[in-house]
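Notes follow once the structure below has been shown.
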Amino acid sequence: MLQIPEEKFREIVLQDNLMTPEAYDAVAFEAQRLGQKTAEVLISKSVLTEQYYTALLSKYLSVPPAGLEGREVSVDILKLLPQDLARQKRVIIFGKETDGKLSVAMEDPSDLVAIEFLERYLKQRIKVYVAIGSDLDKGFALYGQTTAVDYRKLIDEAISESKRSRITGEEAAKEVPIVSIIYNILSYALALRASDIHIEVFEDLILVRYRIDGVLREMFKIPKEIHPAIVARLKLLGALKIDEHSRPQDGRLRYEVGRDVVDVRIAIMPTFYGEKVEMRLLATTTRPLSMAELGMMPDTIELLEENIKKSYGMILVCGPTGSGKSTTLYSILGILNRPEVNIVTVEDPIEYDIKFINQTQINPVAGVTFAGGLRAILRQDPNVIMVGEIRDSETAEIAVQSALTGHLVLSSLHTNDAPTTIPRFIDLNIPPFLVAAVLNVIMAQRLVRKICQDCIYSYVPSPELVAALTKQVKELGLDAEFKMPNAVYLGKGCQVCGGSGYRGRIGIYEVLNITEDVRKLIISPDFSLDNLRALAKTQGMLTMFEDGLRKVERGITTIDELLRVIRE
């Protein structure tokens, strides 16, 4: 992110009465400690928006903002610059000026070297615009959709070449065709913003599927004869044992495209027809996302922040695999990360590297388990402990004891909603009186796809649609919480979103605040989930479905998407 000089930026923020001098100086000190810019920290805390900062940059540099959201971008113009160069230079060509110059959105319009390079490369003069993250995201999404044919062609060519080669198995893993297949599978996935790659082996073929915005999509099929070479190549990249085929293995690699760096977690598991590979793609970030960026509404943020301020107790984030629990925990850690707070974590795996937080990776081979790591952490004089996941009774017991003895403990648990976390904890052999004493707040979450802002439109639902949706809601047992909005939103489908009508994901949340009344109910002989839900309702708890409805009304997601996620 391009920066306005610190003194000038401070002067502008104070002139606009966005914060007091004391508050600004405190944030500036925090930014310096974390090795970030003050503007980045203010955006992460939702004090400023990217759009506001871009307007400041535009005014300061006398360079107009690009504003690509909602603007039609010609694919022919976009592809004048190859995707690799666009990512490396952080630029998007999006149009032509009346005088024939090319319109170029740049993250850093003051980079004269990059401007000179682009004019030489394009053999044409350019007009520079200031780009924000959403501008670049839109451009890179367009690249991803328009280069699909190119990637498929490259992969098909590499497959044909590998089939012609007489080298097989582990030897082929180092040959150019197999290297090219893996490289292009990864590049294609990044271009489409995939979060996971599944390479699955069956009786007569290999199936490659990508998970994009939480939904699996079948991408292409590969002949089975090159399966051993593909798996061997990935084992080499992930520093795994190539000759081990009967046991699961986990590895990791780092993949770079331009300035974008992605950590790839590799999980290999033997199946009936051979080894299945799953790759989780984790974009390295410079900062944890703010709660508002995750999709939390102001009332949810306020309730969570009240509990974060407590010096002991337990905060639990719940949901199935892939529901964004770790990202939420990292967001909370970002708020707690201050000079006077010693934060230690035990994780499997470490998904994001955060400055000034002591992070420990689980390693069962070396004897470092969640329970063992947690015991060791208690000898490190921590203020805040983050346990990646509570999986067993031993870890639960140590986490509870830690929370009772002056530590704030953050962790995650696999449950369907917030209330069911309490019987799940009791099922882990934690006595009800300890559960009541230790819990501060429980937050359950899911991720829903966001409507693409380049093709969004609204309409008034017909009586038939309302009746059909009401029936679906009733079948899910949610009819008491359902009220159809007067207007609903959809995405038509465009080049940016690949015709799906969705781009990106956002959280829906359910927060159970452990009040005195809730504590009394937990230890009461009358405790039941129905009684707990009824009490939480009287205290103002919104279910995930109700929180999702708020986002449907605001045009963030669709009612169909909300019902799909709740049904799962």
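The values are calculated or read from the model by the stated rules, or taken from the named source; none is laboratory data. Note that the structure is predicted; figures quoted are calculated from it, not measured. Glycine also receives a Cβ, built like all others from the backbone with ideal geometry; neighbour counts cover every protein chain displayed. For the accessible areas, the whole protein counts, side chains as well, though only heavy atoms, and no ligand, DNA or RNA atoms are used. Shrake-Rupley method; radii C 1.70, N 1.55, O 1.52, S 1.80 Å.
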Of residues in segment 376-400 being in contact (Cβ under 8 Å) with a residue 60 or more places away in the chain and in a helix (DSSP H, G or I), the one nearest to Gly334 (Cα to Cα): Ala399
Selection from segment 500-518 of residues that are touching a residue at least 40 places away in the same chain (Cβ under 8 Å) and not aliphatic (A, V, I, L, M): Ser500, Gly501, Tyr502, Arg503, Gly504, Arg505, Gly507, Tyr509, Glu510, Asn513
Odd one out for Val317 among (1) assigned by the TED database to the domain that holds Asp348; (2) more than 22 Å from Gln539 (Cβ to Cβ); (3) in contact with a Ser or Thr (Cβ under 8 Å, 6 or more places away or on another chain); (4) not polar (S, T, N, Q): (2)
In segment 289-321, the residues that are in a loop (DSSP other than H, G, I, E, B), open to solvent by 40 Å² or more (accessible area, probe 1.4 Å) and not polar (S, T, N, Q): Leu289, Lys309, Lys310, Tyr312, Pro320
Evaluation of Val365 against (1) part of a strand (DSSP E or B); (2) open to solvent by 40 Å² or more (accessible area, probe 1.4 Å) (one fails), failing number: (1)
Conditions (1) surrounded by fewer than 19 Cβ atoms within 10 Å (Cβ to Cβ); (2) in a loop (DSSP other than H, G, I, E, B); (3) modelled with pLDDT of 85 or more; number of the one not met by Pro485: (3)
Wholly within segment 40-141, strands (runs of 3 or more DSSP E) carrying at least 1 residues that are without any contact (Cβ under 8 Å) to a residue 24 or more places away in the chain, assigned by the TED database to the domain that holds Val13 and within 20 Å of Gln495 (Cα to Cα): 91-96
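Would you check if Leu237 is open to solvent by less than 20 Å² (accessible area, probe 1.4 Å) and at pLDDT 85 or above?
On the way: open to solvent by less than 20 Å² (accessible area, probe 1.4 Å): no; at pLDDT 85 or above: yes.
When the stated conditions are applied, Leu237 does not pass them.
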Scope segment 413-452; condition surrounded by fewer than 21 Cβ atoms within 10 Å (Cβ to Cβ), among the polar types (S, T, N, Q) and under 30 Å from Asp213 (Cα atoms); matching residues: Thr415, Asn416, Thr420
Subset of segment 204-226 [in contact with a helix residue (DSSP H, G or I) (Cβ under 7 Å, 6 or more places away or on another chain), within 14 Å of Ile185 (Cβ to Cβ) and open to solvent by 20 Å² or more (accessible area, probe 1.4 Å)]: Phe220
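Does Leu490 satisfy the criteria of being surrounded by 14 or more Cβ atoms within 10 Å (Cβ to Cβ) and outside any helix (DSSP H, G or I)?
Numbers: surrounded by 14 or more Cβ atoms within 10 Å (Cβ to Cβ): yes; outside any helix (DSSP H, G or I): yes.
Judged against the criteria, Leu490 is a match.
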Boolean, Ala403 is in contact (Cβ under 8 Å) with a residue 40 or more places away in the chain, surrounded by 22 or more Cβ atoms within 10 Å (Cβ to Cβ) and not charged (D, E, K, R): yes
